[in-house]
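Since the structure comes first, as structure tokens, the remarks are kept for the end.
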Amino acid sequence: MGRPSARLARSLVDHLPEYGIEAVALGAFMVSACLFATLLFHPASIAETLKLHPLIRRCLMGLAMGSTAMCIVYSPWGKQSGAHLNPSLTLTYWILGKVTSVDAIAYAAAHFVGGTSGMGIAIVLMGNWLADPHVLYVATQPGPAGMLAAVMTEAIISFVLMLTVLIVSNSRWARWTGVAAGMLVAVNIVVASPISGMSMNPARSFASSVPAETWASLWIYFLAPPVGMLLAATLYIRFWGWSQLHCAKMHHDNSKRCIFCQSKGA
């Protein structure tokens with residue numbers, strides 16, 4: 001085995017903990033999404049018994065998933081892997097030169113495997129409750145406004161999320177990046193879910209599409225989020241510059257190692 005191949009193999013083995021964390025983290029996110037969607041939208045749920053308004057249910061869902069995202073970012077594991085949870089975000093950091101090609105491919109693979117596995121666990125735990133049309137495996141689908149509106153919405157909310165992450169994570173407020181991202185997840189669920197289903201994440205949408213068989217609109221969630229995030233990265237570089245671009249972690253101010261900038265931690 002030549003030296004480049006040996007270095008690649010060593011890198012893959014050395015970074016396996018981060019790859020595993022990303023898989024488990026998105027899997028946990030999917031389980032959380034399935035649990036709260038069932039509690040809030042299933043016809044036999046407490047929310048239905050209380051006759052909660054759809055807007056209130058979306059607000060509660062947003063609060064639950066925004067909190068889930070924050071918990072993952074600030075967990076010991078999230079601090080180590082960077083808590084990308086999204087191949088679109090990883091792709092953007094790869095384009096920006098902050099993630100190597102090997103790590104980008106491995107992270108994306110981990111997201112798809114982890115998200116799909118998490119959905120499988122949720123199905124085992126919740127069974128037919130998830131199959132109900134009111135829940136439908138938390139599948140992301142265009143709303144009554146149609147596919148074009150869904151594409152535009154996904155691109156816009158992904159653009160805002162990525163731009164926010166870049167601005168906050170590269171400022172003196174960097175430790176609050178996870179809070180900002182979690183708050184955007186919450187707001188987007190309230191505002192965007194009736195239009196696009198609110199994904200911003202190809203792996204998250206794919207995980208739901210497998211059991212729900214909602215393949216017709218899946219292309220939206222593979223196209224719009226990365227386009228929106230790449231546009232955000234372009235805008236950031238244009239106005240803030242390369243010198244104000246540091247690391248690909250969502251939370252870097254901690255004692256965990258960083259495989260992106262090779263920091264050994266504080």
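Coordinate-derived values only; no laboratory data. What you are looking at is a predicted structure, and each value in this text was computed from that prediction instead of being measured. Methodologically, a virtual Cβ is constructed for each residue, glycine included, from the backbone with ideal geometry; neighbour enumeration extends over all protein chains shown.
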Taking segment 23-111, which trypsin sites (Lys or Arg not before Pro) meet the DSSP loop condition and have no more than 12 other C-beta atoms within 10 Å? Lys51
Return the label of the correct value of Cα extents along the principal axes in Å, as calculated from the structure shown, out of (i) 60, 41, 34; (ii) 53, 45, 38; (iii) 50, 40, 40. (i)
The chain: relative contact order from alpha carbon pairs under 8 Å, six or more residues apart, as a whole percent, is 28 percent
So how many Lys-Lys pairs in the chain land under 29 Å Cα to Cα, not counting same-chain pairs under 8 apart? 9
Integer Hz, Karplus 6.51/-1.76/1.60 couplings in order for segment 236-253, x for Gly and Pro: 4, 5, 4, 9, 9, x, 5, 5, 9, 10, 9, 10, 8, 7, 6, 9, 9, 7
If unit charges are put on Cβ atoms (+1 for Lys and Arg, -1 for Asp and Glu) and the dipole of the chain is taken about its Cα centre, the option from Gly182, Ser199, Cys258 lying farthest towards the positive end turns out to be Cys258
Using packing as a proxy for protection, rank 200-207, 134-141 so that the peptide with the highest average count of other Cβ atoms within 10 Å comes first. 200-207, 134-141
Helix-only [θ]222 nm of the chain, DSSP H runs n ≥ 4, -39500 (n - 2.57) each, per residue, nearest 500: -23000 deg cm²/dmol
Can you compute 3J(HN,Hα) from phi for each residue in segment 90-96, using the Karplus curve 6.51 cos²θ - 1.76 cosθ + 1.60 with θ = phi - 60°, rounded to whole Hz and x for Gly and Pro? 4, 4, 5, 5, 5, 4, 7
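To the nearest 20 debye, what is the magnitude of the charge dipole of the chain about its Cα centre, counting +1 on the Cβ of each Lys and Arg and -1 on the Cβ of each Asp and Glu?
820 debye
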